[in-house]
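The values are calculated or read from the model by the stated rules, or taken from the named source; none is laboratory data. The model shown is predicted, which means the values in this text are computed figures rather than measured ones. Here the Cβ positions follow ideal geometry from the backbone for every residue, glycine too, while neighbour counts run over all protein chains shown. Protein only, heavy atoms only, side chains kept; ligands, DNA and RNA dropped before computing areas. Shrake-Rupley method; radii C 1.70, N 1.55, O 1.52, S 1.80 Å.
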Amino acid sequence: RAVSSLKYSPNGHLLASASADMTVRLWNAQSGAPKQTFNGHEQGISDVVWSGDSRYLASASDDKTVKIWDVAVGEDLLTLEGHTSYVFCANFNPQSNMLVTGSFDENVKLWDVRTGTCIKTLPAHSDPVTATAFNRDGTCVVSGSHDGLVRIWDTATGECLKTIFAEGNPPVSYVKYSPNGRFILVSTLDDTIRLWNASNPSRCIKTYRGHHNRRFCVFSTFSVTHGNWIVSGSEDNSVYLWNLQDRSVVQRLVGHTDAVLSISCHPTLGMIASGGSSNDKAIRIWREQE
């Protein structure tokens, strides 16, 4: 089935993949050899995320739950229950003691990872929540939705601090903070990725185009290991790389036979992992040539 989410572990040793086939799989980041399969969800999985110490994984599923997995033991430690529809996205805070999740129930939830209890429920959007993430110090959460809005929340109070939207209100397919926490990368279903200033989101700083994104939630990210790039999947079966500063398409990686939904950049090496949709089902590893 489709590879819905890919994430390199923060220590760079492993690659985690989530799929509509209800599994999370671990692969050796360097060789690509399969390491482990986690079973337990009752429906497809839309997202998988690592804790900061690379010891735990969280998986978000259409079965309305999130599971926390112990990577070394290979077992699920906790099941987070409370969303009333598909859980689409998840992310740990930098301290990895909290998890933020977004769901088709239009809510964002904050969870205590140690106890599995829901700390806060934010009635965040008026359509499915497609992406959620913490900022660099964990004091804020960003969420994006098919309602076309990106919202920044105070983690402690649950207050909405800022709302961002692009002209024409295109549905948001993905949001992510930049590594330094000063910017927010927003992918929308109008074939566009925009970079916003997190502290002053009144204007879009940069716009990246050339890829295809009209139907699916496609991951995008920053690559900072060798130069600064923006990287995104695309519905034309490719991976696109842009120069972060001048916004030009630097490279288009071709090889998948269906839409590329998921991508991840290795934390230290010049490697990109990409995952294909249901007619492709493959994970491809791309390496920078020396």
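Sort largest first and round to whole Å: the equivalent ellipsoid semi-axes of the stretch 1-141, each the square root of five times a Cα gyration tensor eigenvalue. Intermediate results must be reported in sequence, preceding the final value.
Details: eigenvalues 103, 56, 34 Å².
Three semi-axes, in Å: 23, 17, 13.
Here the chain is described by how far its Cα atoms reach on the three principal axes: 46, 45, 31 Å, from widest to narrowest.
Candidates Asn180, Gly210, Thr192 compared by Cα position along the dipole of the stretch 152-231: farthest toward the positive end lies Gly210, with charges placed on Cβ.
Ordered by 1.4 Å accessible area with all protein chains kept, Met271, Met22 run largest first as Met22, Met271.
What translational diffusion coefficient, to the nearest whole µm²/s, does the stretch 213-290 have by Stokes-Einstein, given a Kirkwood radius computed over alpha-carbon pairs, a temperature of 37 °C and 0.692 mPa s viscosity? Display every interim value, and only then the final one.
Numbers: Rh = 12.4 Å.
The estimated diffusion coefficient comes to 264 µm²/s.
Cross-link reach is defined here as a Cα-Cα straight distance under 24 Å, omitting same-chain residues fewer than 8 places apart; for Lys64 the lysines meeting it are Lys7, Lys109, Lys120, Lys176, Lys281.
Taking amide H as placed 1.01 Å from N in the peptide plane, the amide H of Ser145 sits under 5 Å from that of Thr130, Val172, each at least 5 places away or on another chain.
Compute and list, largest first, the equivalent-ellipsoid semi-axes of the stretch 144-290 from the alpha carbon gyration tensor, each √(5λ) rounded to a whole angstrom. Can you show the working numbers first?
Values: eigenvalues 131, 61, 38 Å².
The three semi-axes for the stretch 144-290 are 26, 17, 14 Å.
The spacing between the stretch 194-251 and the stretch 89-112, judged by their C-alpha centroids, is 24 Å. At a probe radius of 1.4 angstrom, the accessible area of the chain per residue rounds to 42 square angstrom.
Suppose a student asked you for the relative contact order of the chain, using Cα pairs under 8 Å spaced at least 6 residues apart; what percent would you report? Write down the numbers at each step before the final one.
Values: 880 pairs, mean separation 33.8, N = 290.
Once divided by the residue count of the chain, the mean separation gives 12 percent.
Thr37 label point, 7 Å along Cα→Cβ, cut-off 15 Å on backbone N: hits in the stretch 255-281? Correct set: none at all. Label point of Ala282 set 7 angstrom out along Cα-Cβ; within the stretch 209-246, amide nitrogens under 13 Å from it belong to 237-239. Placing +1 on each Lys and Arg Cβ and -1 on each Asp and Glu Cβ, with no other charges, gives the chain a dipole about its Cα centre of roughly 660 debye. Karplus-derived 3J(HN,Hα) values for the stretch 183-190, using 6.51 cos²θ - 1.76 cosθ + 1.60 with θ = phi - 60°, are 10, 10, 8, 10, 9, 10, 7, 10 Hz; glycine and proline are entered as x. When Leu6, Leu149 are compared by accessible area of protein heavy atoms, the largest-first order is Leu149, Leu6, using a 1.4 Å probe. Amide H contacts of Ser4 (H built 1.01 Å from N, in plane; Pro and chain starts excluded): Ala18, Ser19, Ala20 sit under 5 Å, all sequence-distant by 5 or more or on other chains. Restricting the stretch 79-185 to GluC sites (Glu not before Pro) that sit in a DSSP loop and have at most 11 other Cβ atoms within 10 Å of their own Cβ leaves Glu159, Glu167. Amide H to amide H distances under 5 Å link Gln30 with no residue, where only residues 5 or more positions off or on other chains count and H is placed in the peptide plane. The value of relative contact order for the stretch 52-181, using C-alpha pairs under 8 Å at least six residues apart, is 16 percent.
Where does each of Arg55, Arg136 land when they are ordered by accessible area, with a 1.4 Å probe and the largest first?
Details: Arg55 135, Arg136 160 Å².
Ranked list, largest accessible area first: Arg136, Arg55.
For a distance above 13 Å, tell me the whole-number percent of Cα pairs in the stretch 144-205 that qualify. The answer is 58 percent, as a whole percent. Only protein heavy atoms count here; under a 1.4 Å probe, Val3 has an accessible surface of about 10 Å².
Dipole size in debye (nearest 20) for the stretch 25-168 around its Cα centre, Lys and Arg Cβ +1, Asp and Glu Cβ -1? Mind showing how you got there, number by number?
Values: 11 positive and 18 negative charges, 78 e Å.
Once rounded to the nearest 20, the dipole reads 380 debye.
Here the stretch 21-96 is treated with +1 on each Lys and Arg Cβ and -1 on each Asp and Glu Cβ, and its dipole about the Cα centre works out to around 240 debye. Solvent exposure of Phe183, expressed as accessible area, is near 50 Å², computed with a probe of 1.4 Å over the protein chains only.
Per the Kirkwood definition applied to all pairs of different Cα atoms, how many angstroms is the hydrodynamic radius of the stretch 95-228?
Working: mean 1/r = 0.0668 Å⁻¹.
Taking every pair of different Cα atoms in the stretch 95-228, averaging 1/r and inverting gives 15.0 Å.
Computed over the stretch 197-258, the Cα gyration tensor eigenvalues convert (square root of 5λ each) into semi-axes of 22, 15, 10 Å, ordered from largest to smallest.
Could you work out the relative contact order of the stretch 197-290, using alpha carbon pairs under 8 angstrom and six or more residues apart, expressed as a whole percent? Over the stretch 197-290, the number comes to 20 percent.
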